[in-house]
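Enquirer: The structure's right below; bear with me while I get my questions together.
The values are calculated or read from the model by the stated rules, or taken from the named source; none is laboratory data. Everything quoted here is computed from the prediction, not taken from an experiment. Positions of Cβ are generated from backbone atoms using ideal geometry, with glycine treated the same way; all protein chains shown enter the neighbour counts.
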């Protein structure tokens, strides 16, 4: 069979990389359509995945919106040339391309707030897969699996630690270090949202540098670290999970890396304007399991960070919590391979069940314009 995967962000590359490799090893034809956004193509090159770029996107919202029409034209043209039997993606690009080339599409969605994108993409999907923590009904083709999308690459059956990472980072074997991850807020689902400001970033670095080495991963690459007791994470982006696995703490205003930290057993503090009463189900669940902290007020970040950094038993406790949480979670790569070979018809797969349509959740206003 012939499979087409959309990777519009670096997180999408990680989500599908093992599935692409497995399908190719089984003799299938696989192709990736990529959006050149931050380090997406760097990761595709690192993992040696067969890809073609359908468009470029900077880290600003204006960059994305102005390029959408051209992106669609190229994606549809390239998909038609490849002639897939099944398409995988996470939103409008994949769904609409599938509709135009008359190919069934499987969407994997994990962000409830992207209401507009759900409305325009899910009607075109043969199957919609979400984590079982997902709180929103996406229709009759909505199925859930036990786990999170990051289980496709950080599940214990998939992820292998890198023993050389501390040497690569230039930190000693017992040296505590914090990764400070700053989001560019340039994706469709980030429209109208914000996180840690430059001034707050500087304050965090000054306050925490006495307790740990600070490594800054800045997606927008616009934070000036000169004269600050911190340095940039300057390794290849494919090594970020290895660095995260060894970190003492993650502080982030992004979404995906917080989930990744949880699945690696690294304490994480998440602070952005998504946090609140209408937060996404996966982050509510991870906090209830004691794996992350969702913080709305900046002042809480400083106090909580200091407490976590000075807790001598934190490594053992977080490892236990992580192992407990993952003990019954699906290996998502295996599931995606099964979905692919079933041509997206998932009713007979044991690892998924149809979304339970009980009392509908309270309606929330649309946020953003998509999840791609």
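Enquirer: With (1) assigned by TED's automatic domain parsing to the domain that holds residue 98; (2) over 21 Å from the mean Cα position of the chain (by Cα); (3) surrounded by fewer than 19 Cβ atoms within 10 Å (Cβ to Cβ) as the list, and residue 334 as the residue in question, which single condition is left unmet?
Expert: Status for residue 334: all satisfied but (2).
Enquirer: Search region 213-225 for residues being at pLDDT 90 or above and more than 16 Å from residue 257 (Cβ to Cβ), and hand back the single one that is surrounded by the most Cβ atoms within 10 Å (Cβ to Cβ).
Expert: The qualifying residue surrounded by the most Cβ atoms within 10 Å (Cβ to Cβ) is 213.
Enquirer: Just one of (1) at pLDDT 95 or above; (2) under 18 Å from residue 241 (Cβ atoms) trips up residue 9, so point out which.
Expert: (1)
Enquirer: All but one of (1) over 26 Å from residue 100 (Cα atoms); (2) surrounded by 15 or more Cβ atoms within 10 Å (Cβ to Cβ); (3) over 18 Å from the mean Cα position of the chain (by Cα) hold for residue 48, so report the exception by its number.
Expert: So the condition that residue 48 fails would be (2).
Enquirer: Please go through region 78-109 and pick out each residue that is part of a loop (DSSP other than H, G, I, E, B), in contact with a helix residue (DSSP H, G or I) (Cβ under 6 Å, 6 or more places away or on another chain) and in contact (Cβ under 8 Å) with a residue 40 or more places away in the chain.
Expert: Selection gives 91 alone.
Enquirer: Let me ask something else. Would it be correct to say that residue 265 is surrounded by fewer than 24 Cβ atoms within 10 Å (Cβ to Cβ), within 22 Å of residue 310 (Cα to Cα) and under 17 Å from the mean Cα position of the chain (by Cα)?
Expert: For residue 265, the condition - surrounded by fewer than 24 Cβ atoms within 10 Å (Cβ to Cβ), within 22 Å of residue 310 (Cα to Cα) and under 17 Å from the mean Cα position of the chain (by Cα) - is met.
Enquirer: If I ask for residues that are buried (at least 19 other Cβ atoms within 10 Å of the Cβ) and touching a helix residue (DSSP H, G or I) at 6+ places or on another chain (Cβ under 6 Å), which ones from region 270-289 would you list?
Expert: Hits for region 270-289 are 270, 271, 286.
Enquirer: Can you work out which of the residues in region 91-107 that are over 17 Å from residue 73 (Cβ atoms) and surrounded by 24 or more Cβ atoms within 10 Å (Cβ to Cβ) is farthest from the chain's Cα centre (by Cα)?
Expert: Across region 91-107, the extreme among qualifying residues is 105.
Enquirer: Return yes or no: is residue 164 at pLDDT 95 or above and either crowded, with 17+ Cβ neighbours inside 10 Å or at negative phi (or both)?
Expert: yes
Enquirer: Taking the conditions exactly as written (touching a residue at least 12 places away in the same chain (Cβ under 8 Å), closer than 19 Å to residue 42 by Cβ and in contact with a helix residue (DSSP H, G or I) (Cβ under 8 Å, 6 or more places away or on another chain)), does residue 249 satisfy them or not?
Expert: no
Enquirer: Say we look at region 199-237 and pick out the residues that are farther than 24 Å from residue 57 by Cβ and in a strand (DSSP E or B); which of these is nearest to the chain's Cα centre (by Cα)?
Expert: Only one residue fits best here, namely 215.
Enquirer: Another question, then. Is it the case that residue 241 is in the same structural domain as residue 202 (by TED's automatic domain parsing), under 24 Å from residue 171 (Cβ atoms) and crowded, with 18+ Cβ neighbours inside 10 Å?
Expert: Answer is yes for this residue.
Enquirer: Is it true that some residue in region 144-155 is outside any strand (DSSP E or B), out of contact with any strand residue (DSSP E or B) (no Cβ under 7 Å at 6 or more places or on another chain), within 30 Å of residue 177 (Cβ to Cβ) and modelled with pLDDT under 95?
Expert: no
Enquirer: Would you pick out the residues in region 234-243 that are farther than 16 Å from residue 15 by Cβ and modelled with pLDDT of 95 or more?
Expert: Those that are farther than 16 Å from residue 15 by Cβ and modelled with pLDDT of 95 or more: 235, 236, 239, 242, 243.
Enquirer: Return yes when residue 121 is more than 18 Å from the chain's Cα centre (by Cα) and not assigned by TED's automatic domain parsing to the domain that holds residue 209 and no when it is not.
Expert: yes
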